[in-house]
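The values are calculated or read from the model by the stated rules, or taken from the named source; none is laboratory data. Since the model is a prediction, treat every value here as computed from it, not as a measurement. Positions of Cβ are generated from backbone atoms using ideal geometry, with glycine treated the same way; all protein chains shown enter the neighbour counts. Areas reflect the complete protein model, heavy atoms only, side chains present, ligands, DNA and RNA absent. Shrake-Rupley method; radii C 1.70, N 1.55, O 1.52, S 1.80 Å.
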Amino acid sequence: MTFVVGLTGGISSGKTTVAELFHQHFAIDIVDADVIAREVVAIGTTGLTAITEHFGHNILNDDGTLNRARLREIIFADADEKSWLNQLLHPMIRQKMQTALTHTTSPYALLVIPLLVENQLQSMADRILVVDVDESIQIQRTMARDGITYPHAQSILSAQATRAERLAVADDVIHNSTENHQLLPQITELHQKYLAMSGRNL
Ligand code: ATP
């Protein structure tokens with residue numbers, strides 16, 4: 001059984017940056033929930049077939065791929081449709097993440113789940129690592145990266161779990177409110193700890 005570290009954090013907290021550092025410096029395998037969430041609705045999947053049967057062919061782009069923006073609009077406006085979609089996709093995503101974890105070969109694996117707290121997926125990981133950042137900095141980075149306004153960034157943040165809710169489930173915390181170069185020392189220390197915990201430091 002792979003030792004699994006669940007990596008989470010709010011929008012623009014630095015999850016991708018952190019995961020890449022674990023991978024580049026320590027060759028740790030990454031399983032990314034966002035990537036898997038796209039795979040389960042790719043062309044030819046039972047996920048996409050079920051969505052098309054439920055919402056009609058208007059939910060597809062001309063090339064047959066899922067029109068994600070349209071689907072987002074529908075579920076944003078209708079809680080029942082959101083719950084229908086989650087009930088369809090969440091078990092598929094969980095299953096695929098489990099399978100992907102069994103194929104990892106590094107001493108431990110990082111399971112990146114942005115909405116780990118919101119979707120209560122703590123039990124998928126042996127250890128929860130939260131990337132923590134001041135909210136004002138998180139808003140600034142989101143605005144800069146996505147080219148959106150302050151109110152828009154704020155509304156995205158307020159739809160997510162709060163910083164306190166995430167920290168409440170954290171076993172370990174990476175602080176990312178300062179410069180990027182502060183990350184590697186924190187990651188190096190955690191890597192040593194996870195090697196010891198996974199029993200593969202011998
Ligand atoms: P999302 O879940 O929204 O995709 P994320 O948590 O994966 O985001 P990143 O993509 O790693 O976050 O980082 C968000 C943005 O903030 C990126 O533009 C990244 O370059 C920048 N960033 C991350 N960490 C720092 C830092 N310490 N200093 C300055 N910029 C940073």
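If I filter segment 24-34 for residues that are free of Cβ contacts under 8 Å to residues at least 24 places away in the same chain, among the polar types (S, T, N, Q) and away from the ligand (no atom under 16 Å from the Cβ), do I get at least one hit? Let's see the steps before the verdict.
So the first thing to find is which residues in segment 24-34 are free of Cβ contacts under 8 Å to residues at least 24 places away in the same chain, and the list is 24.
Okay, now just the ones that are also among the polar types (S, T, N, Q), so 24.
Okay, now just the ones that are also away from the ligand (no atom under 16 Å from the Cβ), so none.
No, segment 24-34 contains no residue that is free of Cβ contacts under 8 Å to residues at least 24 places away in the same chain, among the polar types (S, T, N, Q) and away from the ligand (no atom under 16 Å from the Cβ).
Only residues that are of a type in the set (S, T, N, Q) and more than 22 Å from Q122 (Cβ to Cβ): list them for segment 159-188, please. Step through it out loud before you land on a result.
Just the residues of segment 159-188 that are of a type in the set (S, T, N, Q), to begin with: 160, 162, 176-178, 180, 182, 186, 188.
Residues satisfying the conditions are S177, T178, N180, Q182, T188.
Report the residue count in segment 166-177 for those that are open to solvent by less than 80 Å² (accessible area, probe 1.4 Å) and either touching a helix residue (DSSP H, G or I) at 6+ places or on another chain (Cβ under 9 Å) or of a type in the set (G, A, S) (or both). Spell out how you get there, then give the answer.
Step one: filter segment 166-177 for residues open to solvent by less than 80 Å² (accessible area, probe 1.4 Å), giving 166-167, 169-174, 176-177.
Next, from what is left, pick out any that are either touching a helix residue (DSSP H, G or I) at 6+ places or on another chain (Cβ under 9 Å) or of a type in the set (G, A, S) (or both): 169-170, 172-174, 176-177.
Counting residues in segment 166-177 that are open to solvent by less than 80 Å² (accessible area, probe 1.4 Å) and either touching a helix residue (DSSP H, G or I) at 6+ places or on another chain (Cβ under 9 Å) or of a type in the set (G, A, S) (or both) gives 7.
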Exercise for the section: Test T45 against the criterion of being within 15 Å of the ligand (Cβ to nearest atom), among the hydroxyl-bearing types (S, T, Y) and open to solvent by 20 Å² or more (accessible area, probe 1.4 Å), and give yes or no. Expected result: no
Practice task
Could you tell me whether any residue of segment 154-165 is more than 16 Å from the ligand (Cβ to nearest atom), open to solvent by less than 50 Å² (accessible area, probe 1.4 Å) and in the same structural domain as M1 (by TED's automatic domain parsing)?
Solution key: no
Practice task
Would you mind stating whether L121 is under 15 Å from the mean Cα position of the chain (by Cα) and in contact (Cβ under 8 Å) with a residue 40 or more places away in the chain?
Solution key: yes
Exercise for the section: Select from segment 100-121 the residues that are open to solvent by 60 Å² or more (accessible area, probe 1.4 Å) and away from the ligand (no atom under 16 Å from the Cβ) and write down the one among them that is farthest from S198 (Cα to Cα). Expected result: Q120
Handout entry: Counted residues, segment 74-91 - those being open to solvent by 80 Å² or more (accessible area, probe 1.4 Å) and either of a type outside the set (G, A, S) or in the same structural domain as L121 (by TED's automatic domain parsing) (or both)
Key = 4
Completion exercise
(1) assigned to a loop (DSSP other than H, G, I, E, B); (2) open to solvent by less than 30 Å² (accessible area, probe 1.4 Å) all hold for I51 apart from (1)
Fill in the blank from the handout: Of the residues in segment 178-202, those that are in contact with a strand residue (DSSP E or B) (Cβ under 8 Å, 6 or more places away or on another chain), away from the ligand (no atom under 15 Å from the Cβ) and open to solvent by less than 40 Å² (accessible area, probe 1.4 Å) come to L190, Y194, L195, S198
Exercise for the section: Report whether or not G6 is small (G, A, S) and in a strand (DSSP E or B). Expected result: yes
Handout entry: Any pair with Cβ under 7 angstrom, 6 or more apart, that starts in segment 177-194 at a residue that is within 15 Å of P107 (Cβ to Cβ) and in contact (Cβ under 8 Å) with a residue 24 or more places away in the chain and ends at one that is assigned to a helix (DSSP H, G or I) and within 11 Å of the ligand (Cβ to nearest atom)
Key = I187/V18; I187/L21
